Every structure is written in structure tokens, then in C-alpha cells.
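Heads up: the structure comes next, in C-alpha cells.
The values are calculated or read from the model by the stated rules, or taken from the named source; none is laboratory data. Nothing here was measured: the structure is a model prediction, and the numbers come from that model. For neighbour counting, all protein chains shown are included, and Cβ atoms are generated from backbone atoms with ideal geometry for every residue, glycine included.
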Amino acid sequence: MTDRTPAELTEEEAATELERLASEIARHDRLYNTEDAPEITDADYDALRRRNTEIEVAFPSLIRPDSPSQKVGGAPASGFGKITHRLPMLSLDNAFSATDFDEFCARARRFLGLKDVPMAIVAEPKIDGLSISLTYEKGRLVYGATRGDGAEGEDVTTNLRTIKDVPTRLKGAAPDRIEIRGEVFMTKADFLALNEAQSGAGLRSYANPRNSAAGSLRQLDPKITAARALSMFAYAFGEASETPAPTHWEYLEKLAKWGFKVSPLNERLDQDGAAGFHTAMAERRASLPYDIDGVVYKIDDLALQRRLGFVGRTPRWATAWKFPAERATTLLEDIKIQVGRTGSLTPVAWLQGVNVGGVLVTRATLHNEDEITRKDVRVGDTVELQRAGDVIPQVIGPVLDKRPKSAEPFAFPDHCPACGSLAVRAEGEVVRRCTGGLICPAQTIERLVHFVSRPAFDIEHLGEQTVRAFHTDGLVDSPADIFRLPEHEQEIAEREGWGATSAANLMRSIESRRAISLPRFIYALGIRRIGDANAKLLARHYGTLAHWREQMVAATIIGSEERQALGSIMRVGGAIADELVGFFAEPRNLAVLDDLAGQLNVQEEKATTDGPLSGKSIVFTGTLTTMTRPEAKARAESLGARVTDSVSKKTDLVVLGTDAGSKAKKAAELGVTTVDEAGWRDIAGLE
Ligand code: IVH
């Protein structure tokens, strides 16, 4: 290997060296992975890979298709490739006070049926960066991804390899396959230096260290990422071929041995000590070299973590106790009304830009009409704002002694600002809605924007501005029109600011999304109250688009069996079922749905249909001795079952604890299958 830095190489020399590195690294991979006969030390191997990355960073145009950096996925011409997380990357529930934190501990104890036994908790400063996942096979980094929407992230392997805290090989023994999770962040000093350099070069500066870390990692050109000072702390694991340790604390120790940086501030404590840790961190916060926005608490014992499992998108075994929100005051310049895709009128505060906890805030939500009246905020007021973590900034209220004499109470419009239709408030509702439905351009555009957004169809190169412009020019009106855009490729290429390449990129991303999962499809429709969780629930239950459509249409008949079934699937009650029924009762919606179905390949959702209990209805009765009732219920639900209270003909299984009474009798009468607790543990796959 040459000693010269990549910058000293000519293009020709760089190309030659990259060619040599590609074949040399491939040879060492083979020796290591398939022949178990490595010829060089890990350190020498790392040096080869690093050299490869460094040269690629200096000469991105020379990156070879067979380069070791391109092994998995490999970024397509535009944007990043997608990586589906083998285990979803979830988020944490928040606590905002000592009471919330105590409640978190109490809930976990209740769930586990633990009373007075000590329960160790690991406390970790909550770094304000972006979470990433790194997959290692046989100790080698094979790919790395951003969190994305939790289910699917972006393949940023090449960029991650340029970060010094990301080992390309793990030191010592490690599971065959393990996904390490952690936070990539930028220190406060590096953030300031970066912004200075950016503005010196006439480039935009970043709002805060978190944004700058995210912006730096998501650069298409790895050279830019490499030039940015990014750090990483490791703190969790995703999928692993074996459990890496018996406790989280020991896992953290392993991480350090493997070569990761682990926060030196982490501590293993009892419940009281854990609460004290929060106070201590709040005091140290300002003097730490990086931003933290709270403390993450994790129950130490991994076996207990497994039993606790998840509820929705958050684990029961961890919580984030946030620091109090940051506040500031500024001038309320105007209140504008935004029309959402379901016609809701939302008042938005237009503010004189102000820095709140490191973020420049110019807009804040005012929630709804009643909020404005309750707080009596008026245009021209100086208002107090607060911002907590990722939450949208909120207006707390006016500073009354600064109110100008001319300030008038705000009159909420009773007509839609976008289409002029009447805007009404249904009884008992706080939100005023435009009645313009399909004729309201704001709703059409918001629906389209939602349709192409990341958690929905995720169509790149089709942002809000483009959707708006295409709509104005009559290119898209219904969501299905998006899939007809390829017929207009030429016309789009000729639009101002486009050109053949951009148009082709857009067409490529549209084509790549013609195959879509059922939950995404349902979510994309933008039916009120059908967020991603409910979309998943529906998709899992109905399996295919055709079946869902058929059942929903049948459910529009009040009192039908399908309508009742819908109520029990959605559990949360009638409001959601009403929205679905309302959607399917409108023939124009069905027409759009069918138009879309004709252009797409909506995939069948299998997820839980192959679980041992999927679609089954279970009743627990009597006392269970090895687990609490909530734990049993959660377990059953995670295996796809529905847990109900009473036994009927439709019940598939009754689990009999000790002292099971009338329900056991009823099960016997109806001939419903019963099992005892041991039988249940067997079915649930518990040893
Ligand atoms: S654990 C299942 N530990 O906070 C939860 N997260 O709100 C796994 N974060 O997305 C996350 N420091 O980006 C964990 N020590 C820490 C963390 C941490 C920061 C971030 C992370 C996550 C978010 C959760």
C-alpha cells in the first residue's frame, strides 16, 4: 500500500489502487468467511477498508460496482437504497416528571407481578442525534441504515464507514449476526465550526447539532460526510443470532469491548438512584460537549425486557424522561388558517423568528378555535412559546402587559380560506371543517401530499411544491393520476427547472412504488383516524385489498355482521369504524380506489396470519401463576390473537387458570377448546 494521502494521488493512480483494493479485500473476505483462514490481522484488514473508503471519498466518480463499499444495497443513482429493518426501530414513551417515572416503574412491576424485589435500571443520557442501525456478520460491518419510519430506513453504509466511532470489524468474539443500534451525533463545538464554515462558503447553516448530524449523514456524496465530524454512542441491539448478554449493563460492557464508544455517563442504579440521576444530568447538561434532551431508562435484566415486550410502538421496558421544555417570547405577526387533507381548519401562528433551545422557530400551532379563545391570543401580541424535544412548538399564551391597544380578538373564519365553502363544527367537535370535500383544492393537495409522503407511497422527487404545481397545471388531481405521470414524461421534462434527467428520476421512483404493501396503501388513502397503526391492524386482519374492499362495502350496511366485526377489530370503538364506513359509502372514493387498484400491485399482508394464534379469539379465566393477566394478554396479541372477556361460540380457546369458574363451564357446554396454564405456555412458545 502506498503511504501517500488520497489527495496526492492522480486519478489514474487512484483507479489502479481501488482496483487492487477491491480484489485484495474480496480475497480476505473469502479467506475469513468461507475458508476460516485469515492471512492478515483485523487491524490490517480495517486499514485496507479504510484506505478504500478514503480514496473513494476523494474520487467518488471512481467507485467501482465491485467495491467492498458497495456490497450491500448500494445507493441508486438518486437518493439512497432502502433497508427494511429486520426488527422495527421503535421509539420511546416519554416521562416528564418524577411521578411519570415512578409510574413507569410501577407499571413494569405490575405487569411482571414483581412486588418488593429490587429491579436494576440502567440510566443513560438521551443524546439528541439520530438513531442508526449497524448490522455485523461474523464480526464485520455489512450494512448500516437510518431509522427512517422505523420499519424501513435508508442505506447509508458508505457514509457510516467514514465515521471513526463505527468499527468496520468487531474486536473479540461476537454473535454470528448482530444489529447494533446507537446514536450518531455532532458535538456542540463541531456544530458551531461547521456552521461557520458553511456560512463562510455561502452555504446554508444548520439549525442545531441534531439537524447537522442528520444532514451530514444523509449526504449522497460520502466525501461530504467524511469531512464532517460525526460521533456515535452505541446503546441497544436489534436482531441478533444469540442474546449478547444476560443484562443490558453487561451488553454495554460488551459493546465497549467490541470497539464501540459507549456513553461514560451511563449508570446502573435502583429506582431511587435512577430518579436522582435525572437531577444530576439536568445540572450537568449545559457543560456537556453534546446536546442531551433527557435521560433514557432501561430495565437491566434482558429476560425481564423480553417478558415486558412492547405496546404499540414503544417498549414497556424503557422510557425517556425528558428535560423540561424550553421557552422564549416573540411577536405574533399573524394567524393563518391551514386546511388539512380531511378539511380541518387549523390556526397557525406566524411568528417573528426566535431561537428556542437552539432551534429557530417561525411557526407554531394554535391547535383550534377554542384554544385561541381560551388563551385569548391576538395578532400583534407578544407570546410565550415552548418547545419540548421533537414536538412542534406551542404557543403558551400572550404576555398581557405587552399587548398593543389596537389588538383585536381573533375572529375564526366560518368559511374555508381555500375554496370558500362553508366551514362547520359538528356537535361535540373542537375542529371546524370545510364542507368542500372533493372541490376544495386544499384538501386535494393535502391528500396528494399525504399520499406521496414517506410513510405512505414514499415517492421521491415529488414534494409538496411539485404536487402543488402539477395540480395547478392539471397534471394530477386524483392520487391515481400520479401513476399516469409517466405518460407525461416528455411534457414534465420540458417544464421549467426540470429536464430529462429529473423527469426520468421521478418516473423511476413512481415505477418503483407500483408494488406496495397493504398497510402503506391503506394509510396512503388518508382516511380520517386511519393512521399507520390502524392501517396495519386492518391490513393484518383483512389480508388483501380485494377482501378489505369487499368487507368494508358490506360494512356500510348498518347492523351488518361485517360492521360489527369492524367494531371489534378496531377495538377503540365506533368513531374509527364510522370514518371507514363513511369513506366506503362515497362512490367517488370507491372509484378512486378501483382506479388505483388497476395500476398497482398491492401486496398481500401475511404478517400475523402465519402465527400460531393469528385471527384466533382467546379468553383467559382464573388465576395464572407464572405471569400476570396483562402479560398473558399482550403475549397472545403479539401472536396475532384477539383477547376477549366472555366465552361464546366464536371463542377459539379458553385458557383455564386456577379457580376457573363459570367461563370454564360455559366453554365445556359450547365445546370450545380449553387448555391449562402449562398448555398455554406451550402454545405461546414460552419454555
Ligand atoms: S434506546 C426501543 N437509548 O431516543 C428504543 N435511545 O425516543 C430504543 N436515544 O430513537 C432506543 N439516546 O434516537 C435509546 N441511550 C439511548 C438513547 C436513545 C438517544 C434516541 C434514539 C431513539 C429515541 C427514542
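For this structure, a couple of remarks:
- Each residue in segment 185-239 was checked for being assigned to a loop (DSSP other than H, G, I, E, B) and touching a residue at least 40 places away in the same chain (Cβ under 8 Å), and 11 pass.
- Selection within segment 122-175 - among the polar types (S, T, N, Q) and part of a strand (DSSP E or B): SER131, SER133, THR135, THR146
- When LEU112, LEU92, LEU21, LEU87 are checked against the criterion of being at pLDDT 85 or above, closer than 30 Å to ALA151 by Cβ and in contact with a Lys or Arg (Cβ under 7 Å, 6 or more places away or on another chain), a single residue qualifies: LEU112.
- Of all residues in segment 87-121, those that are within 10 Å of the ligand (Cβ to nearest atom) and not in a loop (DSSP other than H, G, I, E, B) total 2.
- Every residue from segment 294-324 that is surrounded by 15 or more Cβ atoms within 10 Å (Cβ to Cβ), part of a helix (DSSP H, G or I) and basic (Lys, Arg): ARG307
- Any chance PHE277 is aromatic (Phe, Trp, Tyr), assigned to a helix (DSSP H, G or I), within 14 Å of the ligand (Cβ to nearest atom) and touching a residue at least 12 places away in the same chain (Cβ under 8 Å): yes
- Filter pass, GLY397 being of a type outside the set (D, E, K, R), at pLDDT 90 or above and assigned to a loop (DSSP other than H, G, I, E, B): no
- Selection count where residues are in a loop (DSSP other than H, G, I, E, B), of a type outside the set (A, V, I, L, M, F, W, C) and in contact with a Gly (Cβ under 9 Å, 6 or more places away or on another chain), scope segment 435-454: 3
- Scanning segment 238-271 for residues that are within 13 Å of the ligand (Cβ to nearest atom), over 13 Å from LYS298 (Cα atoms) and in contact with a Pro (Cβ under 8 Å, 6 or more places away or on another chain) turns up PHE260, SER263, LEU265.
- For segment 602-659, the set of residues classified as under 23 Å from TRP548 (Cβ atoms), out of contact with any Lys or Arg (no Cβ under 6 Å at 6 or more places or on another chain) and modelled with pLDDT of 85 or more consists of VAL602, GLN603, GLU604, LYS616, THR644, LYS650, listed by residue number.
- Of the set (1) charged (D, E, K, R); (2) touching a Gly at 6+ places or on another chain (Cβ under 7 Å); (3) in a strand (DSSP E or B), all apply to ARG327 but (2).
- Condition met for ALA684 (under 26 Å from LEU304 (Cβ atoms) and in contact with a Phe, Trp or Tyr (Cβ under 9 Å, 6 or more places away or on another chain)): no
- Checking ILE83, ILE132 one by one, the residue that is of a type in the set (Val, Ile, Thr), more than 13 Å from the ligand (Cβ to nearest atom) and buried (at least 16 other Cβ atoms within 10 Å of the Cβ) is ILE83 and no other.
- As a summary of the residue check, VAL377 satisfies the conditions (1) in a loop (DSSP other than H, G, I, E, B); (2) among the aliphatic types (A, V, I, L, M); (3) within 23 Å of ARG468 (Cα to Cα) except for the one numbered (3).
- Residues of segment 497-519 satisfying the condition of being assigned to a helix (DSSP H, G or I) and in contact with a strand residue (DSSP E or B) (Cβ under 9 Å, 6 or more places away or on another chain): LEU518
- Residue check for GLU491: surrounded by fewer than 19 Cβ atoms within 10 Å (Cβ to Cβ) and charged (D, E, K, R): yes
- Boolean, GLY139 is free of Cβ contacts under 8 Å to residues at least 24 places away in the same chain, surrounded by 15 or more Cβ atoms within 10 Å (Cβ to Cβ) and touching a strand residue (DSSP E or B) at 6+ places or on another chain (Cβ under 7 Å): no
- Just one residue in the set ALA197, ALA234, ALA240, ALA213 is of a type outside the set (Val, Ile, Thr) and surrounded by fewer than 17 Cβ atoms within 10 Å (Cβ to Cβ); that residue is ALA197.
- Residues of segment 411-434 satisfying the condition of being among the charged types (D, E, K, R) and in contact with a Gly (Cβ under 8 Å, 6 or more places away or on another chain): ARG433
- You will find that of ALA282, ALA275, the residue that is surrounded by 19 or more Cβ atoms within 10 Å (Cβ to Cβ) and farther than 30 Å from ARG140 by Cβ is ALA275 and no other.
- All positions within segment 292-350 that are within 15 Å of the ligand (Cβ to nearest atom) and charged (D, E, K, R): ASP293, LYS298, ASP300, ARG306, ARG313, ARG316, LYS322
- Residue within segment 217-226 that is over 24 Å from the mean Cα position of the chain (by Cα) and farther than 25 Å from PHE59 by Cα present: no
- The single condition among (1) outside any helix (DSSP H, G or I); (2) more than 30 Å from ARG140 (Cα to Cα); (3) at pLDDT 95 or above; (4) not β-branched (Val, Ile, Thr) that ARG268 does not meet is (2).
- Only residues that are modelled with pLDDT under 85 and exposed (fewer than 14 other Cβ atoms within 10 Å of the Cβ) were counted in segment 538-559, giving 2.
- Strands (runs of 3 or more DSSP E) contained in segment 566-683 and holding at least 3 residues surrounded by 13 or more Cβ atoms within 10 Å (Cβ to Cβ): 617-621, 653-656, 673-676
- The one condition in (1) crowded, with 17+ Cβ neighbours inside 10 Å; (2) at pLDDT 90 or above; (3) within 21 Å of SER263 (Cβ to Cβ) that LYS171 fails to fulfil: (1)
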